[in-house]
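Structure, as structure tokens:
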Amino acid sequence: MARIISIVNQKGGVGKTTTTINLAAWLADMGKRVLIVDIDPQGNASSGLGIDYKNLSKGMYEVLTDENTKITEAIKSHKPNFHILPSTPDLAGAGVDLVAVNNREFKLEENLKDVAELYDYILIDNPPSLGLLTINGLVAAREVLIPVQCEYYALEGLSQLLETIDLIKNHLQPDLRVLGAVMTMYDTRNKLSTAVFEELHRYFPAKVFRTVIPRNVKLAEAPSHGLPVKDYDPESAGAIAYRRLALELDLSKIIK
């Protein structure tokens with residue numbers, strides 16, 4: 001069965017999608033079978049892998065709202081062992097469409113059961129909110145990875161996120177646990193980055209990844225080419241950092 005990890009932070013611009021894409025790419029390079037689930041209506045994970053999500057006939061919206069759509073019909077292949085379930089613009093309306101649906105918080109989990117045995121890792125890229133789509137992304141997962149940007153307001157809202165995770169754990173998904181937090185956009189020249197890193201350790205004792213993702217222009221450029229940074233510039237600082245993070249993440253399944 002796949003190891004299902006939800007990558008979450010309700011604050012935008014912290015590197016959720018960048019982390020999802022580049023972790024998946026390196027895990028696939030390590031020989032793992034990987035599926036990205038794009039549950040963000042913005043569709044950045046989809047476009048970041050070169051998918052023209054605006055012209056898809058089936059995507060995440062249809063999987064969640066149409067019982068006649070099988071999840072396998074919507075999954076696209078980036079590489080033989082690296083697939084993506086893309087988002088489409090219609091997904092923005094899913095929250096409204098699912099209001100009257102029974103067990104609406106479990107729609108993604110129900111669909112992923114059909115493909116969980118086909119993958120080693122399923123990484124869920126969530127929207128920057130704590131709405132119904134993110135709740136689906138958390139209920140479907142067993143582990144939560146929280147990217148945290150190295151900036152002044154980085155820790156703002158983390159308490160609310162942890163409360164939401166606890167509520168889901170207590171009422172919807174008892175197997176859910178916080179895997180850890182990863183620092184993104186780290187600048188060694190900036191004292192603030194060090195201060196945020198130290199504060200994060202107080203939030204997540206023993207649950208902060210050792211790997212730190214640096215601020216790196218190649219990470220910002222790669223999505224415009226529809227590529228993970230490992231394929232765009234494998235020698236860049238960003239590519240090397242995400243390779244280390246993938247190795248650390250894969251090791252965590254052994255020592256958890």
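The values are calculated or read from the model by the stated rules, or taken from the named source; none is laboratory data. No experiment lies behind these values; they were computed from the predicted model shown. Here the Cβ positions follow ideal geometry from the backbone for every residue, glycine too, while neighbour counts run over all protein chains shown.
Here's the yes/no breakdown for (1) small (Gly, Ala, Ser); (2) assigned to a loop (DSSP other than H, G, I, E, B); (3) under 27 Å from ALA237 (Cβ atoms):
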site: GLY31; (1), (2), (3): yes, yes, yes
site: LYS58; (1), (2), (3): no, yes, no
site: SER77; (1), (2), (3): yes, no, no
site: LEU91; (1), (2), (3): no, no, no
site: GLY95; (1), (2), (3): yes, no, no
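Might you let me know whether region 181-189 holds any residue that is in contact with an Asp or Glu (Cβ under 8 Å, 6 or more places away or on another chain), under 22 Å from LEU23 (Cα atoms) and either at pLDDT 90 or above or among the acidic types (Asp, Glu) (or both)?
Looking for residues that are in contact with an Asp or Glu (Cβ under 8 Å, 6 or more places away or on another chain), under 22 Å from LEU23 (Cα atoms) and either at pLDDT 90 or above or among the acidic types (Asp, Glu) (or both), one finds none in region 181-189, hence no.
Among the numbered criteria (1) under 25 Å from VAL101 (Cβ atoms); (2) touching a Phe, Trp or Tyr at 6+ places or on another chain (Cβ under 8 Å), which single criterion is violated by HIS171?
Of the numbered conditions (1) under 25 Å from VAL101 (Cβ atoms); (2) touching a Phe, Trp or Tyr at 6+ places or on another chain (Cβ under 8 Å), the odd one out for HIS171 is (2).
I'm trying to understand the selection: among the residues of region 140-186, which are free of Cβ contacts under 8 Å to residues at least 40 places away in the same chain and either in contact with a Pro (Cβ under 7 Å, 6 or more places away or on another chain) or assigned to a strand (DSSP E or B) (or both)?
Hits for region 140-186 are ARG177, VAL178, ALA181, MET183, TYR186.
Determine if region 36-54 includes at least one residue that is out of contact with any helix residue (DSSP H, G or I) (no Cβ under 6 Å at 6 or more places or on another chain), over 20 Å from THR88 (Cα atoms) and either without any contact (Cβ under 8 Å) to a residue 24 or more places away in the chain or not in a loop (DSSP other than H, G, I, E, B) (or both).
For region 36-54, residues out of contact with any helix residue (DSSP H, G or I) (no Cβ under 6 Å at 6 or more places or on another chain), over 20 Å from THR88 (Cα atoms) and either without any contact (Cβ under 8 Å) to a residue 24 or more places away in the chain or not in a loop (DSSP other than H, G, I, E, B) (or both): absent.
Taking region 66-77 as the search range and keeping residues that are touching a residue at least 40 places away in the same chain (Cβ under 8 Å) and not basic (Lys, Arg), which one is nearest to GLY31 (Cα to Cα)?
Restricting to residues being touching a residue at least 40 places away in the same chain (Cβ under 8 Å) and not basic (Lys, Arg), the top hit is ILE75.
Output the residues belonging to region 60-75 that are in a helix (DSSP H, G or I) and surrounded by fewer than 20 Cβ atoms within 10 Å (Cβ to Cβ).
Listed by number, the residues that qualify are THR65, THR72, GLU73.
Within region 1-53, track down each residue that is surrounded by fewer than 20 Cβ atoms within 10 Å (Cβ to Cβ), farther than 14 Å from ILE122 by Cβ and among the hydrophobic types (A, V, I, L, M, F, W, C).
Within region 1-53, just MET30 meets the criteria.
So how many residues does region 121-139 have that are in contact (Cβ under 8 Å) with a residue 40 or more places away in the chain and out of contact with any Gly (no Cβ under 6 Å at 6 or more places or on another chain)?
Qualifying residue count for the region: 12.
Go through region 211-251 and give me each residue that's surrounded by 15 or more Cβ atoms within 10 Å (Cβ to Cβ) and of a type in the set (Ser, Thr, Tyr).
Matches in region 211-251: THR211, TYR232, SER236, TYR242.
Out of everything in region 140-150 that is over 11 Å from LYS16 (Cβ atoms) and either crowded, with 22+ Cβ neighbours inside 10 Å or among the hydroxyl-bearing types (Ser, Thr, Tyr) (or both), what residue ends up being nearest to the chain's Cα centre (by Cα)?
VAL144
Of everything in region 100-139, what is part of a loop (DSSP other than H, G, I, E, B), among the hydrophobic types (A, V, I, L, M, F, W, C) and more than 15 Å from the chain's Cα centre (by Cα)? Give them in sequence order.
ALA100, VAL101, VAL115
Would you mention how many residues in region 168-210 are over 17 Å from the mean Cα position of the chain (by Cα), crowded, with 16+ Cβ neighbours inside 10 Å and either closer than 22 Å to TYR242 by Cβ or basic (Lys, Arg) (or both)?
Of the residues in region 168-210, 7 are over 17 Å from the mean Cα position of the chain (by Cα), crowded, with 16+ Cβ neighbours inside 10 Å and either closer than 22 Å to TYR242 by Cβ or basic (Lys, Arg) (or both).
I'm told ASN103 meets every condition in (1) surrounded by 17 or more Cβ atoms within 10 Å (Cβ to Cβ); (2) at positive phi except one. Can you identify the failing condition by its number?
Against the list (1) surrounded by 17 or more Cβ atoms within 10 Å (Cβ to Cβ); (2) at positive phi, ASN103 comes up short only on (1).
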